[in-house]
Amino acid sequence: MNKRVILMILDSLGVGALPDSEKYGDIGVNTLNNIAKNVDRFDIPNLIEMGIGNLEGITDVPSTEKAIGAFGRSMEVSNGKDTTMGHWEIAGLNISEPFNTYPNGFPEEIIKPFEEKTGRKVVCNAPASGTVVIDEFGKHHMDTGDLIVYTSADSVFQIAAHEEIVSIEELYRYCEIAREMLMGEHQVARVIARPFIGTPGNFSRTSNRHDYSVKPFEKTVLDQLKEAGKDVIAVGKIVDIFDGEGITESVHTKSNMDGVDKTLEYMNSDNHGLIFSNLVDFDAMYGHRRNIEGYRDAIEEFDKRLPEIQAAMKPGDVLMLAADHGNDPSYSGTDHTREYIPMLVFGDSIQSNTDIGTRKSFADIAATIAEILEIDAPKNGESFFGIMKKEG
């Protein structure tokens with residue numbers, strides 16, 4: 001039997017403040033529960049059936065006495081609350097030194113040489129919401145050709161440009177220039193191309209986003225799987241987050257539902273190993289924009305597809321649903337929130353209604369994947385497969 005793990009990251013769907021969340025400026029955050037508290041409708045029967053309402057700290061989503069698989073939550077060991085850190089820890093790395101962030105914008109020693117190397121001036125250069133920033137600076141950019149450079153609470157250098165003013169190829173080249181510059185003392189986790197289209201007052205970002213990440217500093221469970229001859233298939237921005245390391249095949253996606261479609265295509269094809277998907281809309285479209293109803297709608301939309309995903313599973317397949325951090329749309333600001341992540345697990349080898357409790361590290365996911373797929377355990381993490389696997 002060719003065993004597979006289908007790991008789907010519901011990007012930013014946190015389930016409650018971590019014990020140290022106040023250090024990060026996050027008090028009382030709980031992405032899932034605060035969405036449930038603030039809407040008059042929340043129709044997610046399939047996630048409820050998987051036990052999402054049974055998690056500690058979730059009081060406003062119904063629980064079930066007959067969860068169809070295993071359920072639990074996990075703490076984050078790494079010092080931060082960003083995308084790269086969350087995914088790398090899920091893959092077995094613990095990061096003690098947080099990546100550089102620039103809450104006051106990037107210093108002149110970065111901006112000036114960047115302008116010289118690109119031949120374009122920079123505007124904004126401050127933490128900002130990606131949609132607000134193009135509304136505010138989009139017209140200026142179209143009139144002058146200046147690049148909109150901005151950051152966030154994440155370790156990111158983002159470049160927004162209109163596709164009719166700066167071609168996609170040109171924007172990607174500027175990102176490569178920035179990636180080369182932002183190493184060493186000023187290393188950031190990701191440089192991100194943020195192309196947009198439209199006219200002033202009616203701008204919209206396109207799906208031609210591209211992330212330029214630093215490479216993981218050690219081998220992850222993805223590398224271990226690849227070296228063991230397993231498939232490691234990346235759906236969505238996973239390939240960018242790991243800068244291609246440990247990936248055997250990848251595809252980018254345009255939306256959450258496109259991500260589900262691409263995941264299903266791989267599930268229905270002949271492969272063995274790991275299918276690793278990221279559904280980014282929860283975070284990018286609704287969490288950062290503090291859109292509670294939109295986030296609720298996106299979770300409901302995913303919930304409707306869950307039976308389809310479960311039906312596509314082959315004998316031996318294990319489905320794992322998790323997140324990488326929180327992004328509570330009911331909270332102030334526009335940044336990620338420091339939260340526990342959910343872990344929901346389903347498959348013919350998984351005992352129903354199993355509470356795996358609160359795990360000490362996201363890296364437990366890597367250790368569990370390694371045990372399911374029968375490779376050596378990664379350096380970090382403790383497998384919870386033994387707690388939830390069926391006997392015999």
Item checked: Counted charge near Y174, where neighbours are those whose Cβ lies closer than 9 Å (Asp, Glu -1; Lys, Arg +1) -> +1
Margin query: So, for the chain, what is the accessible surface per residue at a probe of 1.4 Å, expressed in square angstrom?
Written below: 39
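Okay, helix-only estimate at 222 nm for the chain: each DSSP H run of n ≥ 4 adds -39500 (n - 2.57), divide by all residues, round to 500 deg cm²/dmol; what do you get?
Theoretical 222 nm ellipticity from helices: -9000 deg cm²/dmol.
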Margin query: Treating only the Cβ of Lys, Arg, Asp and Glu as charged (+1, +1, -1, -1), what charge dipole size does the chain show about its Cα centre? Round to the nearest 20 debye.
Written below: 120
Item checked: Farthest positive-ward along the chain dipole, Cα basis, beta-carbon charges - from G51, L225, S152 -> G51
Item checked: Dipole of the chain, positive direction: furthest Cα of A126, V39, L171, with charges on the beta-carbon -> V39
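Of the listed peptides 357-370, 6-19, 141-154, what is their order by residue-averaged count of other C-beta atoms within 10 Å, with the highest listed first?
6-19, 357-370, 141-154
Keeping the other protein chains in place, figure out the carbon and sulfur percent of the accessible area of region 124-171, with a 1.4 Å probe.
Values: 830 of 1710 Å².
Here carbon and sulfur together make up 48 percent of the probe-accessible area.
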Margin query: With the cut-off at 28 Å, tell me which of the pairs K3/K360; K37/K379; K215/K379; K121/K262; K360/K390 have Cα atoms farther apart than that.
Written below: K37/K379; K121/K262
Notebook entry, point to check: So for region 256-392, taking the charge dipole from beta-carbon charges (+1 Lys/Arg, -1 Asp/Glu), which of H288, M257, P315 sits furthest toward the positive end?
Noted result: H288
Notebook entry, point to check: Mind checking the dipole of region 1-79: about its Cα centre, +1 per Lys or Arg Cβ, -1 per Asp or Glu Cβ, Debye to the nearest 20?
Noted result: 340
Next item on the list: Quick one: dipole size for region 1-157, taken about the Cα centre, charges +1 on Lys/Arg Cβ and -1 on Asp/Glu Cβ, in debye to the nearest 20.
Entry: 420
Note to self: I want to verify a result. In a Gaussian network model of the chain, Cα cutoff 10 Å, which of these has the top mean-square fluctuation: R120, R205, R190?
What the structure shows: R120
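At a 10 angstrom cut-off on C-beta neighbours, averaged per residue, how do the peptides 36-45, 344-353 rank from highest to lowest?
Ranking the peptides 36-45, 344-353 by packing returns 344-353, 36-45.
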Next item on the list: On a 0 to 90° scale, report how tilted helix 256-267 is relative to the longest principal axis of the chain, with both axes built from alpha carbons and the result rounded to the nearest 10.
Entry: 50
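If contacts are Cα pairs under 8 angstrom and at least 6 residues apart, what is the relative contact order of region 140-188 in percent?
Result for region 140-188 is 29 percent.
So how do 336-342, 22-28, 51-57 stack up, highest first, on mean other-Cβ count within 10 Å? Walk me through the intermediate numbers first.
Details: 336-342: 28.6, 22-28: 15.0, 51-57: 21.1.
Descending packing order for the listed peptides: 336-342, 51-57, 22-28.
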Notebook entry, point to check: Distance in nm between label sites at S352 and M257, each 7 Å beyond Cα in the beta-carbon direction?
Noted result: 3.1
Margin query: Cut-off under 17 Å on the C-alpha distance; same-chain residues fewer than 8 positions from K23 excluded. Which lysines are left, in chain and number order?
Written below: K81
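The values are calculated or read from the model by the stated rules, or taken from the named source; none is laboratory data. Because the structure is predicted, anything quoted here is derived from the model rather than measured. Here the Cβ is made from the backbone with ideal geometry for all residues, glycine too, and neighbour counts use every protein chain on show. With ligands, DNA and RNA removed, areas are computed over all heavy atoms of the protein, side chains included. Shrake-Rupley method; radii C 1.70, N 1.55, O 1.52, S 1.80 Å.
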